[in-house]
Every structure is written in C-alpha cells, then in structure tokens.
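Novice: Got a structure for you, questions after.
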Amino acid sequence: MHEAVNTVKAVNAVNKPWSRAWLRERSELGVSAVLVGLGVLVLVDAIRIHTDFAQRGPVGPKAVPVVVGVGLLVVAALLARDVLRGGRGEAEGGEDVDLSAPADWRTVLLLCGAFLANAALIGVVGFPISGAILFWGAAYALGSRDFVRDPLLAAGLSVLTFVLFDNLLGVPLPGGPLVGMF
Amino acid sequence: MDSFTNLLEGFATALTPTHLALAALGVLLGTAIGVLPGIGPAMAVALLLPVTYGLEPTGAFIMFAGIYYGGMFGGSTTSILLNTPGESAAVVAAIDGNPMARKGRGSQALAAAAIGHFVGGVIGTVLLVLLAPTVAEFAVDIGAPDFFAIMVLAFIAVTSVLGASRVRGFASLLIGLTIGLVGLDEMTGQQRLTFGSLHLADGIDVVVVAVALFAVGESLWVAAHLRRKPASAIPVGRAFLGREDFRRSWKPWLRGPVIGFPFGAIPAGGAEIPTFLSYVTEKRLSQHRDEFGKGAIEGVAGPEATASASAAGTLVSMLTLGLPTTAVAAVMLAAFQQYGIQPGPLLFERESALVWGLIASLFIGLCLLLVLNLPLAPVWAKLLRIPRPYLYAGILFFASVGAYAVNADVFDLLVMFVIGVLGFVMRRYGLPVLPAIIGVILGPAAEQQMRRALQLSDGSLTGLVNTPFSLVVYGIVVVLLLWPLIRRLFRKPSPQPERPKVDA
C-alpha cells in the first residue's frame with residue numbers, strides 16, 4: 001500500500017537526513033507520530049481494563065480497543081514508509097482556500113483565541129456577551145475591520161440566538177448577569 | 001399498491017402547515033448552503049443538530065432532507081457562475097457549466113442544471129418509494145453477523161473507494177473509531193479511554209465530533225489559507241432553456257438517474273463518482289463531442305440529474321439498513337441516534353409515519369426547489385458576495401452554540417476545539433474527513449453487532465460468517481481490498497483522465 005498521493009519532484013538531495021530542512025519537507029511524519037501516540041494510548045488503556053468479572057459473552061470490552069490500537073500502529077508505520085518514499089498527502093482545496101500562499105498562522109491563532117475566549121467566558125458573563133465576543137473576535141481575526149458594523153452584527157446575532165434557543169428550542173444557554181437585570 | 005397507500009398517507013403527514021413550512025425552510029437553507037462557499041450540506045445538518053432538542057423527529061428529518069436536496073441544487077450554481085463547486089457533487093458541473101456562463105449562456109446552464117436536479121430527484125425518489133420497502137422487507141431477516149458485515153463494508157469502502165490514498169483513509173477511519181471508543185462499554189459498563197473523567201464517561205457526543213470535524217476544522221483550515229480576493233461571479237439573467245437546448249438535454253436528464261441512483265445506494269462516496277461517470281457517458285454519446293469542456297449543455301444536464309438521483313439512492317441505504325454512504329447521511333444517522341431511533345429494516349414498520357412523511361416531503365421539496373431555482377438563480381448568486389470574515393465567524397459561532405447546547409458544559413467546547421484542531425491537521429495532510437465521521441458513528445454499533453454475533457456462536461469466529469448474506473458482503477470487501485492488485489492484472493491501456501478533486 002505505497003501510494004504516493006502527490007509525488008514530490010526529486011527531493012532536494014542537498015538536505016541531509018534529519019536536518020531541519022529535511023524534516024520540514026517531511027512534516028507529515030508528525031501525523032505518523034500522532035497515530036503512534038494514539039495507538040499506544042489505546043493499547044495501554046485496553047490492557048488496564050479488568051475483564052474477569054464483568055464480561056458477558058466470549059468477547060469482552062478489550063477486543064476492539066486492541067484491534068484499533070494495533071491498527072493505529074500499523075497505519076502509522078505504513079504512512080511513515082509512504083512519506084519517506086516521497087508520498088505526500090494532498091492538502092484540501094476549496095473556494096476560499098488559496099494553497100499557493102503560505103499558511104497564515106497569525107489568523108489561525110487569533111481565531112483559536114476567539115473560540116477559546118467564548119469557552120472561558122460563557123460561564124462568567126453569559127452567552128449573549130461571550131457569543132458576541134466570539135463572533136467579533138473571529139471576524140476581526142479573519143480581517144474584518146468595520147468597528148461599527150462588526151460589533152453591532154455580533155451583538156445582534158448573539159442576542160437573537162440566545163432568545164431563539166431559550167424560547168423556541170427550550171435549550172437554555174447561560175444568560176449571565178445582564179439577563180438577570182431585566 | 002401498499003407503498004402507494006403509504007405514500008398517500010405520507011403526503012397527509014407532509015402537507016400539514018408545520019411540515020410544509022419546515023420543508024420550505026429546509027430547501028431554502030439547503031440552496032443557500034449549496035451556494036455559499038465553505039459550507040456544505042453535511043456541515044449544515046451537523047450545525048442544525050441542536051434543533052433535534054426542540055423539534056419532533058418527522059419535522060426535523062423533513063428539514064434535513066430538504067437541506068440535502070437543496071444543497072445539490074445550490075451547489076451547481078457556484079460551479080457554473082464561479083467555476084468553484086459549492087460542494088463535491090457539483091465538481092463536474094463546472095467543467096462545461098462555467099465555459100457556458102463565460103460565453104453568455106449562463107442562463108441555459110443554470111436551467112439545464114436545475115431541471116436536471118428536478119428530474120433526477122423525482123426519478124430517484126420514485127425508485128426510493130418502489131425499492132426501499134422491498135429492501136427493508138428483505139433485510140428484516142438479517143441478523144447481527146449481517147449487520148456487522150455491512151458495517152465492515154462501509155468502513156472499507158469509505159477508505160478504499162474514495163480519496164487518493166488508502167493509508168490516509170485508514171488513518172482517518174482509525175482516528176474515528178478511537179473517538180467512538182471513549183466512554184462506557186455498552187455491554188459491561190467498563191470505562192474505556194475516559195482517564196477517570198466523568199465528562200468522558202458518557203462518551204463524546206456525536207454532535208460535538210461532527211461539528212468539530214466539519215465546522216471548526218474547516219474554519220481553521222480556511223483561516224490559514226484565506227483567499228484575500230474572492231473570485232467574482234459571472235452575472236446572469238433568469239434561467240431559461242430554448243427548444244434546441246431542451247432537445248439536447250432531455251436524454252441526459254433521463255440517463256443520469258440510472259447511473260446516480262445505484263451509486264448513491266452503495267458506500268462509494270455519494271455523488272462524486274457517478275457524476276463523473278455520467279459526464280464521460282454523455283461525452284461518448286453526444287453528437288457534439290468537440291464542444292465538451294468548452295460548454296456542452298449535455299455535460300451539465302447529465303451529471304446534475306445524476307447528483308440528485310444519487311441523493312435518493314443514499315436515502316435507501318440509510319433508511320433501510322442504517323448504512324450511511326455519504327457525509328450527509330452519516331450526520332442524519334447521528335440525528336436518528338439523538339432521537340433514539342434506530343434506522344434499519346424495522347424503521348418502515350415502527351416509524352412508518354416518519355419515513356413516508358419524509359419521502360412525501362422529498363417530492364414537495366423538489367417542486368419548491370424548481371420554483372426557487374429557475375427564476376431566482378441570479379438572486380442566489382448574490383449570496384456569493386457575503387464577506388468571508390462574517391461567513392466563517394458565523395460558522396464558528398453556531399458550532400459553539402451547537403456543542404454547548406448538548407450538555408450545557410464548557411468541557412464539550414474544549415473537546416470540540418481539540419477535535420477541530422485534529423480536523424485542521426487532517427485537511428493539511430490530506431486525511432479525508434468522511435472515514436473519521438463514519439468511524440465515530442458506526443464504530444460503537446459495529447462493536448455491539450460483532451459481540452452479539454459472537455455471543456450467539458459462543459465465541460467461535462464462524463459466527464461472523466455463517467449467513468450467505470454476510471459471505472457475499474465479505475466477498476465484496478475482499479475485492480475492494482485487493483482492487484489495486486486486481487487492477488494491475490487487468491490494466492487498461494488508456495489511463496483515466498484526471499478529474500478535479502474537492503472534498504466538501
């Protein structure tokens with residue numbers, strides 16, 4: 001199963017194995033590493049399951065995790081082999097995706113920040129505010145700089161969603177101190 | 001005749017004001033989502049899973065099915081006017097649709113696509129009405145070993161048939177299976193991969209996983225490579241079709257469903273492969289072969305009819321066997337799980353009103369879609385101008401709302417973030433998302449069926465292969481696995497033309 005997705009043209013012979021440039025060319029080995037980590041985790045967890053007393057039927061709760069864990073290790077090895085032979089996973093395209101530009105990590109980190117800010121604040125200030133921060137923050141991260149329209153849109157969307165979920169779907173979102181005042 | 005009376009009753013269910021409104025809402029949302037970049041029907045249904053808390057199942061599924069069909073209609077609009085498909089089923093429509101639009105024949109291309117979707121959808125849904133009860137009746141007798149075999153087939157097919165690399169497909173599948181393992185073992189109550197956390201003991205909710213992989217992963221990925229200047233759409237007038245175009249289109253419309261429906265029903269990735277096959281077929285049969293690639297209307301009409309018919313075929317497998325063959329079907333299956341309904345052969349007996357109401361609403365939805373899309377295509381095209389920061393901020397916003405609403409627990413938001421980052425890495429390194437989602441949704445069910453089968457056989461592995469049905473299915477699995485070897489033996493001299501690849 002050695003399929004090179006996007007065989008890279010004669011990898012630069014100048015780069016020595018395990019040098020930084022060599023590794024950057026093969027950053028997909030990191031995926032293999034993640035799979036190995038996951039596989040070990042699943043196997044260790046599976047071994048620690050006690051099966052002697054609770055088992056019903058010939059196949060207990062261990063069997064599938066062992067199969068999955070071993071599978072992860074095997075796939076990790078095959079993937080590493082494929083990468084070392086010059087195979088590369090094809091990055092996903094899309095309408096708004098411009099693969100010719102290098103990855104813009106600043107935008108990604110800002111976006112992660114906006115997302116985690118909502119998670120951190122939702123219990124403290126309530127959803128109408130934390131949701132608005134999430135939307136405004138995400139829009140800002142992605143390059144929107146309209147300091148009137150952005151926050152208004154964020155606040156409107158957030159309050160509307162809160163009312164919709166609370167009243168129509170019967171899913172309570174935390175209102176926070178502001179809602180308590182009314 | 002039985003199906004016919006059931007269908008009439010289904011129309012009685014679907015024509016109530018609430019259900020009619022939900023069908024209309026579904027097709028509106030679906031068309032919008034099909035047109036909008038970055039958001040496909042699978043992500044849309046995933047983001048809407050929270051409505052399962054407030055809506056009764058029939059209404060929710062009528063809306064979801066409307067989104068599925070609507071997404072097919074809307075997807076071709078972007079293909080034709082922008083040369084970038086709104087979702088994977090519409091990739092082929094761009095090959096000839098966009099050149100038509102550039103020559104000023106955008107209206108005709110849009111009409112050929114919309115009517116094609118309508119014809120394909122109607123024929124596909126009629127086949128669904130005729131075939132699904134028979135399949136369900138046949139499948140009532142199948143037991144645990146057969147179900148396990150079908151699920152193994154789904155796992156293997158989704159990793160082997162789709163995508164460019166099997167290793168990466170299997171990696172994705174195993175990641176999904178791992179996520180599915182988290183929680184209490186259903187048979188013994190043993191904790192697996194919970195690390196003593198109470199939050200994880202209930203397992204990771206499938207809503208959280210689906211939204212994380214589709215919405216959060218996609219938003220982060222787009223953020224890393226955001227196209228700063230979105231391509232501009234070609235302006236068009238109302239969709240219409242002249243007599244000559246109609247003469248060239250009607251046969252492709254009728255041929256499309258023949259290819260699309262069976263491909264939708266088998267786990268071969270939905271509409272991508274059959275639309276491509278339809279395109280090749282139309283090219284071969286056409287008297288205007290030289291026009292293909294430069295704006296042949298047959299190249300739009302055939303594949304689009306195929307796409308909608310394949311959506312109907314997908315529903316056959318999903319409803320009668322509980323087997324999701326596309327990402328949308330997988331997420332709809334997750335919605336069934338939310339309601340505690342098990343799709344499968346018994347669904348037609350136990351939830352007759354739901355199933356037939358859903359099927360009837362498909363016909364209503366198709367008529368609504370034709371009305372919405374023929375005269376209004378230029379209006380829909382305006383959606384393409386939405387500022388991208390707002391679009392992706394909105395996707396993240398609703399993803400967070402959906403994940404939080406599951407348990408009202410911040411922990412779910414953190415789990416979603418971690419899986420979202422995983423989705424980002426998967427997109428970066430070409431690991432397809434669909435196998436992971438199928439692994440999460442079908443993994444636990446497959447384990448139950450396997451252990452049940454082995455209980456019945458008292459631990460003997462022959463218990464997994466003691467029915468003719470399961471043997472046939474495993475036969476197919478073996479062929480799929482050995483396909484690269486088989487192909488090497490019977491190598492054809494002419495290599496297939498490269499086809500554009502897009503994952504939605």
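Read the figures in this text as sums done on the coordinates, not as results from a lab. Keep in mind it's a predicted model, so treat the numbers as computed, not measured. Because the Cβ atoms are built from the backbone with ideal geometry, glycine has one as well, and the counts that use them run over all protein chains shown.
Novice: In chain B, what is the count of Lys pairs whose alpha carbons are under 30 Å apart, counting only pairs at least 8 residues apart or on separate chains?
Specialist: Pairs that pass both the separation and distance tests number 21.
Novice: Measuring from centroid to centroid over Cα atoms, what is the spacing of segment B:347-382 and segment B:91-160 in Å?
Specialist: 15 Å
Novice: Kindly express, to the nearest 10 degrees and within the range 0 to 90, the angle between helix B:17-35's C-alpha long axis and the longest C-alpha principal axis of chain B.
Specialist: For B:17-35 against chain B, the angle is about 70 degrees.
Novice: A further question follows. Could you give the distance between the Cα centres of segment B:204-278 and segment B:41-75, to the whole Å?
Specialist: First find each Cα centre; the distance between them is then 16 Å.
Novice: How crowded by other chains is A:135-148, given as the mean number of beta carbons from other chains within 10 Å of each beta carbon? Walk me through the intermediate numbers first.
Specialist: Details: counts 8, 2, 2, 11, 10, 2, 6, 12, 6, 5, 1, 3, 0, 0.
Counting Cβ atoms of other protein chains within 10 Å of each residue's Cβ and averaging gives 5.
Novice: Under 14 Å from the Cβ of B:ALA393, count the other residues' Cβ atoms, weight Lys and Arg +1, Asp and Glu -1, and hand me the total.
Specialist: Numbers: positive: A:ARG145, A:ARG149, B:ARG388; negative: A:ASP96, A:ASP146, A:ASP150, B:GLU218.
After counting each charged neighbour, the total is -1.
Novice: Looking only at other chains, what is the average number of their beta-carbon atoms within 10 angstrom of each beta-carbon in B:445-452?
Specialist: Numbers: counts 0, 1, 7, 0, 0, 3, 8, 2.
That average works out to 3.
Novice: Add +1 for every Lys or Arg and -1 for every Asp or Glu among the other residues with Cβ under 13 Å from the Cβ of B:LEU226, and state the total.
Specialist: Working: positive: A:ARG106, B:ARG227, B:ARG228, B:LYS229, B:ARG388; negative: A:GLU95, A:ASP96, A:ASP98, A:ASP104, B:GLU218.
Taking every other residue near B:LEU226 into account, the sum is 0.
Novice: Assign unit charges at the C-beta atoms only (+1 for Lys and Arg, -1 for Asp and Glu), then state the dipole size of the protein assembly as shown relative to its Cα centre in Debye, rounded to the nearest 20. Numbers along the way, then the final one.
Specialist: Working: 47 positive and 44 negative charges, 530 e Å.
In total the dipole reaches around 2540 debye.
Novice: Taking each residue in A:60-68, count the Cβ atoms of any other chain within 10 Å of its Cβ, then average. What number comes out?
Specialist: Values: counts 5, 12, 4, 4, 11, 7, 0, 3, 11.
Mean shielding count: 6.
Novice: Treat segment B:80-132 as a sphere of radius equal to its Kirkwood radius over Cα pairs and apply Stokes-Einstein at 10 °C in a medium of 1.306 mPa s; give the translational diffusion coefficient in µm²/s, rounded to a whole number. Display every interim value, and only then the final one.
Specialist: Working: Rh = 12.0 Å.
In µm²/s, the coefficient rounds to 132.
Novice: Tabulate in residue order the Karplus-calculated ³J(HN,Hα) for segment B:95-102, using 6.51 cos²θ - 1.76 cosθ + 1.60 with θ = phi - 60°, rounded to whole Hz; enter x for Gly and Pro.
Specialist: With the stated coefficients, segment B:95-102 comes to 4, 10, x, 5, x, 4, 4, 5 Hz.
Novice: I've got another one for you. Using the Karplus equation 6.51 cos²θ - 1.76 cosθ + 1.60 (θ = phi - 60°), what ³J(HN,Hα) coupling, rounded to whole Hz, does each residue of segment B:200-214 give in order, writing x for Gly and Pro?
Specialist: Residue by residue, segment B:200-214 yields 7, 5, 7, x, 8, 4, 5, 4, 4, 5, 4, 5, 5, 5, 7 Hz.
Novice: Hey, another quick one. Principal axis lengths of segment A:57-152 from Cα atoms, whole Å, largest first?
Specialist: Taking max minus min along each principal axis of the Cα atoms, segment A:57-152 gives 61, 45, 20 Å.
Novice: Specify the angular offset, from 0 to 90 degrees and rounded to the nearest 10, of the alpha carbon long axis of helix B:106-139 from the longest principal axis of the alpha carbons in chain B.
Specialist: Long axis of B:106-139 versus the principal axis of chain B: about 30 degrees.
Novice: Given H placed on each backbone N at 1.01 Å, which residues far from B:LEU323 in sequence or on other chains put an amide H within less than 5 Å of it?
Specialist: Hits under the 5 Å cutoff: B:MET318.
Novice: If you count, for each residue, the other Cβ atoms within 10 Å and average over each peptide, how do B:68-76, B:482-490 line up from highest to lowest?
Specialist: Values: B:68-76: 31.7, B:482-490: 9.8.
Answer by packing, highest mean first, reads B:68-76, B:482-490.
Novice: Arrange the peptides A:151-157, B:422-428 so that the one whose residues have, on average, the most other Cβ atoms within 10 Å appears first.
Specialist: Numbers: A:151-157: 17.6, B:422-428: 22.6.
For the peptides A:151-157, B:422-428, the packing ranking is B:422-428, A:151-157.
Novice: Let me know the volume per residue of the alpha-carbon convex hull for segment A:105-181, in Å³. It would help to have the intermediate numbers written out before the result.
Specialist: On the way: hull volume 6.5 nm³, N = 77.
In segment A:105-181, the Cα convex hull volume per residue is 85 Å³.
Novice: Also, quick follow-up: With the cut-off at 1.5 for a/c, could you classify chain A from its C-alpha gyration tensor as rounded, prolate or oblate?
Specialist: Working: a/c = 3.23, a/b = 1.35, b/c = 2.39.
In terms of gyration-tensor shape, oblate.
Novice: Taking the Cβ of B:LEU184 as the centre, find all other residues whose Cβ is under 11 Å away and add up their charges (Lys, Arg: +1; Asp, Glu: -1). Walk me through the numbers before you get to the answer.
Specialist: Values: positive: B:ARG192; negative: B:ASP185, B:GLU186, B:ASP202.
Here the count lands on -2.
Novice: Also, I was wondering about something else. Rounded to a whole number of µm²/s, how large is the Stokes-Einstein D of segment B:5-161 at 37 °C and 0.692 mPa s, given Rh as the Kirkwood radius over C-alpha pairs?
Specialist: Working: Rh = 17.7 Å.
Translational D for this selection: 185 µm²/s.
Novice: Moving to a separate point now. Mind listing P(r) for chain B? All alpha-carbon pairs, 20 Å bins, whole percents.
Specialist: 24, 58, 17, 0
Novice: Among rounded, prolate and oblate, which fits segment B:304-462 when a ≥ b ≥ c are the square roots of the eigenvalues of its C-alpha gyration tensor, a/c under 1.5 means rounded, and a/b larger than b/c means prolate? Could the numbers behind the result be given before it?
Specialist: Working: a/c = 2.02, a/b = 1.23, b/c = 1.64.
Since a/c reaches 1.5 but b/c is at least a/b, the shape of segment B:304-462 is classed as oblate.
Novice: Taking θ = phi - 60°, what integer Hz values does the Karplus form 6.51 cos²θ - 1.76 cosθ + 1.60 yield along segment B:302-307, in sequence order, with x for Gly and Pro?
Specialist: My calculation for segment B:302-307 gives x, x, 6, 5, 4, 4 Hz in order.
Novice: Sort B:440-446, A:27-33 by packing, meaning the average of other beta carbons within 10 Å per residue, with the highest value first. Intermediate values should be presented prior to the final figure.
Specialist: Details: B:440-446: 23.3, A:27-33: 17.6.
Order by mean packing, descending: B:440-446, A:27-33.
Novice: Also, I was wondering about something else. Treat the protein assembly as shown as a sphere of radius equal to its Kirkwood radius over Cα pairs and apply Stokes-Einstein at 10 °C in a medium of 1.306 mPa s; give the translational diffusion coefficient in µm²/s, rounded to a whole number.
Specialist: Working: Rh = 25.8 Å.
Roughly 62 µm²/s, to the nearest whole number.
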